[in-house]
1. Taking Cα centroids, how far is the stretch 149-173 from the stretch 60-80 in Å?
2. From largest to smallest, what semi-axes in whole angstrom does the chain give when each is the square root of 5 times an eigenvalue of its alpha carbon gyration tensor?
3. Could you give the semi-axes, largest first, of the ellipsoid that matches the stretch 164-203, computed as the square roots of 5 times the alpha carbon gyration tensor eigenvalues and rounded to whole Å?
4. I'd like the FRET efficiency for residue 155 and residue 75, computed as 1/(1 + (r/R0)^6) with the beta carbon distance as r and R0 of 41 Å, rounded to 0.05.
5. How large is log10 of I(q)/I(0) for the stretch 32-130 at q = 0.13, 0.16 Å⁻¹ when the intensity is taken from the Debye formula with one equal scatterer per alpha-carbon?
6. Place the peptides 213-223, 109-119 in order of packing, highest mean first, counting for every residue the other Cβ atoms within 10 Å and averaging per peptide.
7. Could you work out how much longer the chain between residue 203 and residue 97 gets when fully extended? Use 0.36 nm per residue separation minus the Cα distance between them, nm to one decimal.
8. Run the dipole for the stretch 30-169 about the Cα centre, Lys and Arg Cβ at +1, Asp and Glu Cβ at -1, nothing else charged, and hand back the magnitude in debye, nearest 20.
Amino acid sequence: MKKLYYIILGLLVGLVACQENDKTDFDSNGAVYFQVNPSSWSDTRDSIVYSFAGKDGDSQTLNVQVNLMGEAVNYERHVRVVVNSGKTTAQEGIHYAALEEEYILPAEAFSMNIPVVLYNKDPRLEEEAFQLVLDLEPSDDLELGLTARTTVRVIISNVLTRPYYWEDMYMDGIFGPYSRVKHEYCIRKLGRDFPQDSDEYRTNYGIWKAYGKYMDNFFYENYPILDENGLAIEPWL
């Protein structure tokens, strides 16, 4: 049943691609494309914002998902990902580790992750963001899939940013309107940052709901705490 679901999904991908005039040719070997938001196939964003703020250590691994377009097979296939040097402002060895020549799409798999190692070694990350642009390339086994999803941008910084899923997960109702100062206090008081992806947040929704109530009470008892714009952070529950 699960395999049938993914086959149907692959066919739907092709149908939608034609309807959006986002066409590509691929043979029976299949094709691949980036899936920036693993939780929503219809999310066509091409960028991942990654901040080291609130995280320990000087390196982190970011998993970038690649999806298969077509049928799974009973043998491994190779996926090629390269750095687009013309559009990349990040520096290898300073902001990210060198990529492998090829990555493996396992047998019977419809998706896989590209592990991108990011570094927090550059003090400039506290003042500006650097961009790592990755392009999929055809391999001996796989062609390129949806043309609008063969490139992904990773924006690297050491500045707190609002989680990309804040609106989709209705987090205003749990943590109130976002501000960087509120974010900083959440990390200090909770001892952790918001999850990197929406799946983790959704899985632990009950815990984060309790955290939201705790932080609301904190801002109530310590009122007024001013945000980065000089405005008082109002309790929201």
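Every number in this text was worked out from the coordinates using simple rules, so none of it is lab data. Just so it is clear, the structure is predicted and the values come from calculations on it, not from any experiment. Counting neighbours? That spans all protein chains shown, and the Cβs are built from the backbone with ideal geometry, glycine included.
1. 23 Å
2. Values: eigenvalues 275, 95, 43 Å².
Those come to 37, 22, 15 Å.
3. Values: eigenvalues 54, 34, 12 Å².
Equivalent ellipsoid of the stretch 164-203: 16, 13, 8 Å, largest first.
4. Details: r = 36 Å, r/R0 = 0.87.
Efficiency, rounded to the nearest 0.05: 0.70.
5. The computed values of log10 I(q)/I(0) come out as -0.55, -0.80.
6. So the peptides 213-223, 109-119, ranked by packing, come out 109-119, 213-223.
7. Values: separation 106, 0.36 × 106 = 38.16 nm, distance 3.02 nm.
Fully extending the segment from residue 203 to residue 97 adds 35.1 nm.
8. On the way: 10 positive and 22 negative charges, 76 e Å.
Once rounded to the nearest 20, the dipole reads 360 debye.
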